[in-house]
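The values are calculated or read from the model by the stated rules, or taken from the named source; none is laboratory data. Here the structure is a predicted model, which means the values were calculated and not measured. Note that each Cβ is placed from the backbone with ideal geometry, even for glycine, and that neighbours are counted across all protein chains shown.
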Amino acid sequence: MRVQGSPATAADAVPTVVLASEQYSMLVRLAKAGEPTKLRIEVSARFSQDRLESDNVLAEIPGIDPVLKDEVVLVGAHLDSWHTAVGATDNADAVSAAMEAMRILTALHASPRRTIRVVLWGGEEQGMLGSRAWVAQHLADRAARDRISVYLNDDPGTGKTYGFYMEGNAAAKTIFDAWLAPLAGLGMRRNVIEGIGSTDHVPFVEAGVPAFTTIKDFENYDVRTRHTNADLADAVRVEDVRQSAVVLAVFAWHAAMRDKRIP
């Protein structure tokens, strides 16, 4: 069912296989019945150190305000996934939404005051490696961090976007609540003050940059598709990806046009 790994895994570690509950339960029943059981598993795996680099993909709509154009609104998702399927819900749907948000703004001939930049991260599944490396390389000093007005991340879950995890930032939540209200007809519900970990906004939060990730629908996500061999395109509802794209485009536009950065 799952093929995963960890940077801490030793090169000579024994392969681990995760079974679906149906097959596992069959083995349990045979064992309880005292039946001699043989299990044959073919593991086609290889360990390689030929290329250890991963990639981040960036594109942007340049800002036009003489004072604010060097400030950046980031919109992002992670490009990598696990190996058993295509990673449709983790995280190709969000990558598609982020790209579509930029297409929407471009099709509207948007001229934002701040630069709006989309970032598709590599190596998220191995520990947010792409976003951590980018933060370390580009946001090493306070002046560089202050040029990031906000980072909007789309990852945990699938389905529609319902709001944002606000990372305890009450001042930003007030702003986001005002932006959310006109989108209620699209299914936006509320922003929550709580935070969430294990995705690419975390390195930005740790660096003191305002960064927030989307609240998504978790239907079938943790129990069926996430990190499994069922994470295929039929698990994605195209209308939900369209809704998420609109939400990202609207929030990025508001952030790019306001007089001040997100607190």
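Filtered by the rule that a residue be surrounded by fewer than 13 Cβ atoms within 10 Å (Cβ to Cβ) and outside any loop (DSSP other than H, G, I, E, B), the range 1-24 gives 21, 22, 23, 24.
Scanning the range 47-72 for residues that are aliphatic (A, V, I, L, M) and either more than 20 Å from residue 103 (Cα to Cα) or touching a Phe, Trp or Tyr at 6+ places or on another chain (Cβ under 8 Å) (or both) turns up 52, 67, 68. Being in a loop (DSSP other than H, G, I, E, B), without any contact (Cβ under 8 Å) to a residue 12 or more places away in the chain and surrounded by fewer than 13 Cβ atoms within 10 Å (Cβ to Cβ) is a property that residue 43 lacks. Do we have any residue at all in the range 175-196 that's closer than 30 Å to residue 21 by Cα and either modelled with pLDDT of 95 or more or of a type in the set (Phe, Trp, Tyr) (or both)? Checking the range 175-196: at least one residue is closer than 30 Å to residue 21 by Cα and either modelled with pLDDT of 95 or more or of a type in the set (Phe, Trp, Tyr) (or both). Among the residues of the range 147-176, those identified as more than 15 Å from residue 246 (Cα to Cα) and aliphatic (A, V, I, L, M) are 148, 150, 166, 170, 171, 172, 175. Exactly one residue among 150, 119 is within 23 Å of residue 53 (Cα to Cα) and modelled with pLDDT of 95 or more, and that residue is 119. A Cβ distance below 9 Å, combined with a sequence gap of six or more or placement on separate chains, defines the contacts here; from the range 200-219, residues that are on the phi > 0 side of the Ramachandran plot reach residues that are of a type in the set (D, E, K, R) and modelled with pLDDT of 95 or more in the pairs 208/142; 208/145. The set of residues in the range 113-141 that are out of contact with any Lys or Arg (no Cβ under 9 Å at 6 or more places or on another chain), more than 16 Å from residue 202 (Cβ to Cβ) and in contact (Cβ under 8 Å) with a residue 12 or more places away in the chain comprises 116, 117, 118, 120.
Taken over the range 46-86, the criterion of being hydrophobic (A, V, I, L, M, F, W, C), part of a loop (DSSP other than H, G, I, E, B) and either in contact (Cβ under 8 Å) with a residue 40 or more places away in the chain or within 24 Å of residue 249 (Cβ to Cβ) (or both) is satisfied by 64, 67, 68, 79, 82, 85, 86. Considering 215, 175, the condition of being in contact with a strand residue (DSSP E or B) (Cβ under 6 Å, 6 or more places away or on another chain), farther than 30 Å from residue 51 by Cα and of a type in the set (A, V, I, L, M, F, W, C) is satisfied by 215 alone.
Listed by position, the helices (runs of 4 or more DSSP H) enclosed by the range 87-176 that each have at least 2 residues that are in contact with a helix residue (DSSP H, G or I) (Cβ under 6 Å, 6 or more places away or on another chain) and surrounded by 20 or more Cβ atoms within 10 Å (Cβ to Cβ) are 93-107, 129-138. Say we look at the range 210-263 and pick out the residues that are in a helix (DSSP H, G or I) and among the hydroxyl-bearing types (Ser, Thr, Tyr); which of these is surrounded by the most Cβ atoms within 10 Å (Cβ to Cβ)? Here the residue is 244. Annotation: of all residues in the range 46-83 being surrounded by 15 or more Cβ atoms within 10 Å (Cβ to Cβ) and among the β-branched types (Val, Ile, Thr), the one that is farthest from residue 10 (Cα to Cα) is 61. Of all the listed residues (117, 103, 113), the sole one being of a type in the set (Lys, Arg) and under 17 Å from the mean Cα position of the chain (by Cα) is 117. Filtered by the rule that a residue be basic (Lys, Arg) and either assigned to a strand (DSSP E or B) or under 18 Å from residue 171 (Cβ atoms) (or both), the range 183-209 gives a lone residue, 190.
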